[in-house]
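Working notes for the structure below.
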Amino acid sequence: MEIRFHNNKLKTLYVSGKSSKYKLDKQVITAFFEVVTILEAAKDIYDLWRQPSLNFEKLTGSTNRYSARITKQYRLEMSIEWQNDASTVGILELEDITNHYGG
């Protein structure tokens, strides 16, 4: 699936491995790169659901926001611009890395 960065700080993190907004451990940044690689390689949403480590899920109360687990503590939030009527193929708009437990 196609990837776009909605958040310029997130794009900077992906391109350079560091960002003023995201002060993350090296292992979290490495895991972030791995998750983005999986997202890019996916042909459709079913490929993402088949990856148990992603814990890919639709966020409650939203029509098109999803998250993928980066580590046990962090997740990557995104929206999807669907490209087909079945809502299985789309452009993933990466929005933020959040602390899953809010701490």
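For semi-axes √(5λ) of the Cα gyration tensor in Å, the candidate list reads (i) 22, 14, 13; (ii) 33, 23, 14; (iii) 30, 16, 12; the entry that matches the value derived from this model is (i). Neighbours of Arg65 by Cβ distance under 13 Å: Lys/Arg scored +1, Asp/Glu scored -1, total -4. Neighbours of Arg75, meaning other residues whose beta-carbon lies under 10 angstrom from its beta-carbon, give a summed charge of -1 when Lys and Arg score +1 and Asp and Glu score -1. Taking Leu48, Leu59, Leu92 as the candidate residues, the one with maximal mean-square fluctuation in a Gaussian network model of the chain, Cα springs under 10 Å, is Leu59. Which residue, Ser67, Ser79, Ser19, tops the fluctuation ranking in a GNM of the chain built on C-alpha contacts under 10 Å? Comparing Ser67, Ser79, Ser19 in the GNM, the peak value goes to Ser19. The trypsin sites (Lys or Arg not before Pro) of segment 1-87 meeting both criteria, a DSSP state outside H, G, I, E and B (loop) and at most 16 other C-beta atoms within 10 angstrom of the site's C-beta, are Lys18, Lys21, Lys23, Lys43, Arg50, Lys72. Lys/Arg Cβ at +1, Asp/Glu Cβ at -1, dipole of the chain taken about the Cα centre: which of Trp49, Ala68, Val89 is farthest positive-ward? Towards the positive end, the residue furthest out is Ala68.
Using the rule -39500 (n - 2.57) for each DSSP H run of four or more residues, divided by the residues of the chain, the 222 nm mean residue ellipticity is -8500 deg cm²/dmol. Pairs of lysine residues in segment 2-99 that meet both criteria, 8 or more places apart or on different chains and Cα atoms under 18 Å apart, total 12. Computed from backbone phi with θ = phi - 60° and the Karplus coefficients 6.51, -1.76 and 1.60, the 3J(HN,Hα) list for segment 48-54 is 6, 5, 6, 9, x, 5, 6 Hz; x is used for glycine and proline. Each Lys and Arg contributes +1 and each Asp and Glu -1, all at the Cβ; summed about the Cα centre of the chain, the dipole is approximately 520 debye.
I want to verify a result. In a Gaussian network model of the chain, Cα cutoff 10 Å, which of these has the top mean-square fluctuation: Thr71, Thr63, Thr88? Maximum fluctuation in the GNM of the chain, among the listed residues, is at Thr63.
Values in this text are rule-based calculations from the coordinates and carry no lab data. Every value quoted in this text rests on a predicted model; they were computed, and no experiment measured them. Counting neighbours? That spans all protein chains shown, and the Cβs are built from the backbone with ideal geometry, glycine included.
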